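Note sheet for the following structure.
The values are calculated or read from the model by the stated rules, or taken from the named source; none is laboratory data. Being a predicted model, the structure only gives us computed values, none of them experimental. FYI the Cβ positions are ideal-geometry reconstructions off the backbone, even for glycines, and counts take in every protein chain you see. Just so you know, the surface numbers come from the protein's heavy atoms only, side chains and all, with ligands and any DNA or RNA stripped out. Shrake-Rupley method; radii C 1.70, N 1.55, O 1.52, S 1.80 Å.
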Amino acid sequence: MSNHSRTQSLVFGIPWPELNDGLFYSDVVPHSDSELTLIDFYSRKYKNSAPLQGWLQRIQNGQISVDGRVIKDPNTILSGDSVLVYHRLPWKEPDVPHLLEVLYEDDDMVALNKPSGLQVLPGGLFQQRTVLTQLCWSVKKQNSTLNSQETHPVPVHRLGRGTSGILLCAKTKVAKTRLAAYFADGTSLVGATSNRKAERSGTRKISKIYRALVTGILVDDKVIIDQPIGIVRYPGVAKGLYVASPSGKPALSKVEVLERDEKQNCTLVQVEIESGRPHQIRIHLSFIGHPLLGDPLYIAGGQPRCFDPELVDESFAQDGGYQRPTNPVPGDCGYYLHAHRLVLSHPTTNEMIYITAPLSTILQTSDEANGSPGSISINSGN
């Protein structure tokens with residue numbers, strides 16, 4: 001990546017090492033937890049990380065230190081203000097792509113074409129194999145004597161691991177603040193009063209258009225979905241699973257049919273989202289009875305395929321943590337969803353920027369089968 005405007009694509013990325021670096025998690029024991037045993041502290045505070053037996057294994061393996069000393073006795077009594085460090089040992093993360101295509105770049109931001117399967121930010125099994133890591137490595141590779149004040153670009157929004165397409169990243173603090181505000185403002189407008197919507201309808205700074213392939217044949221050419229999205233307990237997802245819920249937060253998706261395939265019983269659609277709820281498109285399309293083709297998680301109604309909120313598997317993996325859930329989870333791939341077009345007001349110049357990410361064959365209409373790859377254009381905005 002560079003510091004000038006780019007209209008020709010560039011591909012970058014460093015192959016993943018066999019093992020990641022592991023992780024270190026630090027805690028300072030609050031006085032309210034003094035007199036707790038080491039095992040009580042971890043099994044209570046981090047019960048979503050591992051079952052009781054898993055934490056016992058980690059302690060006995062010497063993976064936890066107290067005030068700089070490795071402690072293997074789980075019944076050690078803790079004192080207030082003691083510093084605890086848990087070392088999660090290095091592990092092999094699942095295989096994922098490592099190459100990223102630059103669709104647009106200038107001094108303030110860079111737009112990437114994220115491949116399906118690559119997670120944006122660290123979380124769960126993926127602590128190293130993420131877009132963020134590749135951005136960091138790219139900057140370090142170009143600047144071996146990197147000034148401590150220089151930073152790598154950071155994503156200003158997320159795409160699901162199985163979603164491909166345009167990912168916008170900020171290269172400066174000002175750009176990060178303004179771009180993040182663009183996304184937040186779009187979401188806040190959904191569910192606002194009609195007067196507020198009318199006042200601000202012309203102030204949208206960003207527009208996101210997706211392509212998706214859904215099961216079944218949509219009858220209507222255009223559909224507006226305003227089903228709220230909320231959270232329910234779900235095995236294997238510590239913070240809960242996003243689903244269609246009448247008590248959830250407002251969300252709005254505009255769906256337009258591009259092509260119907262009666263033979264394959266599927267429909268190619270374009271979706272514009274005016275809010276940014278997690279997994280919004282997957283949930284909304286499944287809510288109206290047309291889940292994304294190949295989606296392992298969401299089914300008609302905007303609910304998970306397998307749902308038993310009380311089911312918890314207490315068995316643990318080799319590192320002491322919970323076994324990977326047998327039920328589908330949000331990060332599972334297999335569906336066809338692509339962030340295809342992005343239109344935004346430049347965060348510092350106010351120029352209108354139009355970015356398009358190339359479509360895979362399966363997401364092209366018949367007329368687009370011989371179309372051109374992704375492109376960028378810039379118009380002055382006043």
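Looking at region 95-194, the accessible area is 43 square angstrom per residue; that uses a 1.4 Å probe and ignores ligands, DNA and RNA. A straight chain from S26 to V85 at 0.36 nm per residue would run longer than the Cα-Cα distance by 20.8 nm.
If you roll a 1.4 angstrom probe over the protein chains with everything in place, what fraction of the accessible area of region 23-88 belongs to carbon and sulfur, to the nearest %? Can you show the working numbers first?
Working: 1750 of 3550 Å².
That share works out to 49 percent.
Take each peptide in 266-273, 179-186, count the other Cβ atoms within 10 Å of every residue, and average; sorted highest first, the result is 266-273, 179-186.
Computed extension gain for K141 through Q60, at 0.36 nm per residue and net of the alpha carbon distance, reaches 25.2 nm.
Working note: Karplus 6.51/-1.76/1.60 with θ = phi - 60° gives region 116-133 the couplings 4, x, 9, 7, 7, 10, x, x, x, 5, 9, 9, 10, 7, 9, 4, 4, 5 Hz, where Gly and Pro are set to x. Legend: translational diffusion of region 23-88 by Stokes-Einstein, Rh = Kirkwood radius over C-alpha pairs, 37 °C, 0.692 mPa s; D = 286 µm²/s. Taking all protein chains into account, the per residue accessible area for region 263-304 stands at 32 Å² (1.4 Å probe). Note on K47: accessible area approximately 130 square angstrom, rounded to 10, probe 1.4 Å, nucleic acids and ligands left out. Kirkwood-type hydrodynamic radius, region 95-194: 14.6 Å, calculated from all non-identical alpha-carbon pairs.
Go ahead and run the numbers for FRET between I14 and R158, Cβ-Cβ distance against an R0 of 30 Å, rounding to 0.05. Computed FRET efficiency for I14 and R158 comes out at 0.85.
Counting heavy atoms of the protein chains only and a 1.4 Å probe, report the per residue accessible area for region 23-88 as a whole number of Å².
About 54 Å² of surface per residue is accessible.
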